[in-house]
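Beneath this line is the structure, given in structure tokens, with notes to follow.
The values are calculated or read from the model by the stated rules, or taken from the named source; none is laboratory data. Just so we're clear, the structure is a prediction, and the values are computed from it rather than from any experiment. Ideal geometry is used to build each Cβ from the backbone, glycine not excepted, and the neighbour counts take in all protein chains shown.
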Amino acid sequence: MSIAPKYIVGNWKMHGDPMKAAALAEAVGRACVGLPAHVETVVCPPSILIPDVARQLSGSSVKTGGQDCHSEREGAYTGDISAPMLAAAGCTHVIVGHSERRINHMESDELVNAKADAALTAGLVPIICVGETQEERDGGRAEDVVGRQVEESIPEGAGDRHFVLAYEPVWAIGSGKTPTADDIRDMHHYIMKRASFRIGRPVAVLYGGSVKAANAEEILAIPGVAGVLVGGASLKAEEFGKIIAAAAALKG
Ligand code: PGA
């Protein structure tokens, strides 16, 4: 029986330097040698380190992704990087709408939608992030907030293109806290329902927020979890390797 793909995505955020990034990429590449075909590993370094990492990973099964992109191809946008630039630098994927972008850079669903659209146009696979804050969850608004983000962040016409969603509760990111397995399952089913209503087909939904070697196996086994988006634990080669191994060990 063939196993549905499991995505293991490492978000390095603003960490690393050329030497550390090359060493980490080399270790991740080594951890992925001989893995079953259902495991798809992507690492997302800071943009300035992308060419080094992509070069290090060429010839391995590990893909390189960006952490964000601009919605335009080019122009007078100081400090920004476009989706075609990421593709030219060796990326196949790009994270858009991460809560650290939505909150720290005040990115709206409309902007995330435009960024995802730009990524698709450039031939990249957008990893579109959604997730509620603690206050929204406490106020019983988690589904409303996440449902709106899903519907408004997925670009028109994405139905026949390859993209994935990532459910990342803001309160679980970097906090060591994770939702219960039931809460993850329920929210993933809700997201899949809203997404398929929007685009007319099923969509893979990853989970992100305090994923580590110790909980990866349990989280990856939750129905509806198509993979994990990993921050802190993706910076430690051994820890990330164990998360990849947990995905490789999954049976049907
Ligand atoms: P974390 O971050 O694994 O450090 O909680 C996840 C993310 O922000 O993507």
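Counting just the residues of region 41-84 that are out of contact with any Pro (no Cβ under 6 Å at 6 or more places or on another chain) and acidic (Asp, Glu), which one comes out nearest to Gly97 (Cα to Cα)?
Selected residue: Asp68.
I'm trying to understand the selection: among the residues of region 49-105, which are assigned to a helix (DSSP H, G or I) and closer than 23 Å to Val130 by Cβ?
Ala83, Leu86, Ser99, Glu100, Arg101, Arg102, Ile103, Asn104
Could you tell me whether any residue of region 174-183 is within 24 Å of Asn11 (Cα to Cα), touching a residue at least 24 places away in the same chain (Cβ under 8 Å) and of a type in the set (Asp, Glu)?
Within region 174-183 (the criterion being within 24 Å of Asn11 (Cα to Cα), touching a residue at least 24 places away in the same chain (Cβ under 8 Å) and of a type in the set (Asp, Glu)), the answer is no, since none of the residues qualifies.
Going by what's in this entry, would Glu136 be described as away from the ligand (no atom under 16 Å from the Cβ), in a helix (DSSP H, G or I) and either over 18 Å from Val9 (Cβ atoms) or within 17 Å of the chain's Cα centre (by Cα) (or both)?
yes
Determine whether Glu152 is charged (D, E, K, R) and within 16 Å of the ligand (Cβ to nearest atom).
no
Of everything in region 145-191, what is part of a helix (DSSP H, G or I), within 29 Å of Glu217 (Cα to Cα) and acidic (Asp, Glu)? Give them in sequence order.
Asp182, Asp183, Asp186
Let me spell it out: the conditions are (1) more than 14 Å from the chain's Cα centre (by Cα); (2) basic (Lys, Arg); (3) outside any helix (DSSP H, G or I), and Lys20 meets all of them except one. Which number is the exception?
Result: Lys20 fails condition (3) only.
Given (1) more than 16 Å from the ligand (Cβ to nearest atom); (2) out of contact with any His (no Cβ under 6 Å at 6 or more places or on another chain), identify the lone condition not met by Ile3.
Unmet for Ile3, out of (1) more than 16 Å from the ligand (Cβ to nearest atom); (2) out of contact with any His (no Cβ under 6 Å at 6 or more places or on another chain): (2).
When the residues of region 192-210 are narrowed to those that are in contact (Cβ under 8 Å) with a residue 12 or more places away in the chain and part of a loop (DSSP other than H, G, I, E, B), which ends up farthest from the ligand (Cβ to nearest atom)?
So the residue we want is Gly200.
How many of the residues making up region 180-200 are modelled with pLDDT under 95 and among the charged types (D, E, K, R)?
1
Taking Ala221 as the residue in question, decide whether it is within 16 Å of the ligand (Cβ to nearest atom) and surrounded by fewer than 20 Cβ atoms within 10 Å (Cβ to Cβ). Give the derivation first.
Working: within 16 Å of the ligand (Cβ to nearest atom): no; surrounded by fewer than 20 Cβ atoms within 10 Å (Cβ to Cβ): yes.
Spelling it out, it is not the case that Ala221 is within 16 Å of the ligand (Cβ to nearest atom) and surrounded by fewer than 20 Cβ atoms within 10 Å (Cβ to Cβ).
Quick check on Ala27: is it in a loop (DSSP other than H, G, I, E, B) and either surrounded by fewer than 19 Cβ atoms within 10 Å (Cβ to Cβ) or β-branched (Val, Ile, Thr) (or both)?
Against the criterion (in a loop (DSSP other than H, G, I, E, B) and either surrounded by fewer than 19 Cβ atoms within 10 Å (Cβ to Cβ) or β-branched (Val, Ile, Thr) (or both)), Ala27 does not qualify.
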